[in-house]
1. Tell me which of these residue 52 doesn't satisfy, since it passes every other one: (1) touching a strand residue (DSSP E or B) at 6+ places or on another chain (Cβ under 7 Å); (2) modelled with pLDDT of 95 or more; (3) of a type in the set (Lys, Arg).
2. Any idea how many residues of the range 10-33 are in a helix (DSSP H, G or I) and more than 26 Å from residue 103 (Cα to Cα)?
3. I want to confirm something. Restricting to the range 41-86 and keeping residues that are polar (S, T, N, Q) and more than 12 Å from the chain's Cα centre (by Cα), which single residue is farthest from residue 29 (Cα to Cα)?
4. Cβ-Cβ distance below 8 Å, separation of 6 or more or different chains: which pairs start in the range 57-72 with a residue that is farther than 20 Å from residue 84 by Cα and end on one that is in a strand (DSSP E or B)?
5. Looking at the range 34-46, which of the residues that are in contact with a Lys or Arg (Cβ under 8 Å, 6 or more places away or on another chain), part of a helix (DSSP H, G or I) and in contact (Cβ under 8 Å) with a residue 24 or more places away in the chain is surrounded by the most Cβ atoms within 10 Å (Cβ to Cβ)?
6. Would you mind telling me which numbered condition in (1) surrounded by 11 or more Cβ atoms within 10 Å (Cβ to Cβ); (2) on the phi > 0 side of the Ramachandran plot residue 74 fails?
7. Identify all residues within the range 54-100 that are among the basic types (Lys, Arg) and in a strand (DSSP E or B); write none if there are none.
8. Could you tell me which residue of the range 85-108 is surrounded by the most Cβ atoms within 10 Å (Cβ to Cβ), considering only residues that are modelled with pLDDT of 80 or more and touching an Asp or Glu at 6+ places or on another chain (Cβ under 9 Å)?
Amino acid sequence: MGRHIGQMPPLKPQQIWAIRVRLQLQGRARVLAMFNLALDSKLRACDLVSLRVNDVINVDGIASRAQIVQRKTGRPVQFETTRTTRDTLGTWIEAKGLVASQSVSEPS
């Protein structure tokens, strides 16, 4: 009774911005970076948490395009990152001093 069955409807832009603002106000840089990366990449959770710093960074900083091989399908997937995502990822990586071999989703 009252339970949703099946796929949930996608988040509305207003809901996305509300989540972003709340995470910023709470100072949750890691969660905000992962949320933004999930929205941009549309990757499965298992692929998202296995991303390494060197998957999203290049010589100039955070890459505007990234490519990974999906775990489930074994196919390469390319995605673009928005300025917001690059900024939040950069903030998180710099704040934690993460290096190329470390996971982007590494907890604080």
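1. (2)
2. Residues meeting the conditions: 4.
3. Filtering the range 41-86 for residues polar (S, T, N, Q) gives 41, 50, 54, 58, 64, 67, 70, 73, 78, 81-82, 84-85.
If we keep only those that are more than 12 Å from the chain's Cα centre (by Cα) as well, we get 54, 58, 64, 67, 70, 73, 78.
On the way: 54: 19, 58: 21, 64: 19, 67: 23, 70: 25, 73: 30, 78: 24 Å.
Among those that are polar (S, T, N, Q) and more than 12 Å from the chain's Cα centre (by Cα), it is 73.
4. Qualifying pairs under 8 Å: 68/76; 68/77; 69/76; 69/77; 70/76; 70/77.
5. That would be 36.
6. (1) is the only condition that residue 74 fails.
7. Of everything in the range 54-100, just one residue is among the basic types (Lys, Arg) and in a strand (DSSP E or B), namely 65.
8. 85
The values are calculated or read from the model by the stated rules, or taken from the named source; none is laboratory data. Since the model is a prediction, treat every value here as computed from it, not as a measurement. Neighbour counts run over all protein chains shown; Cβ positions are idealised from the backbone, glycine included.
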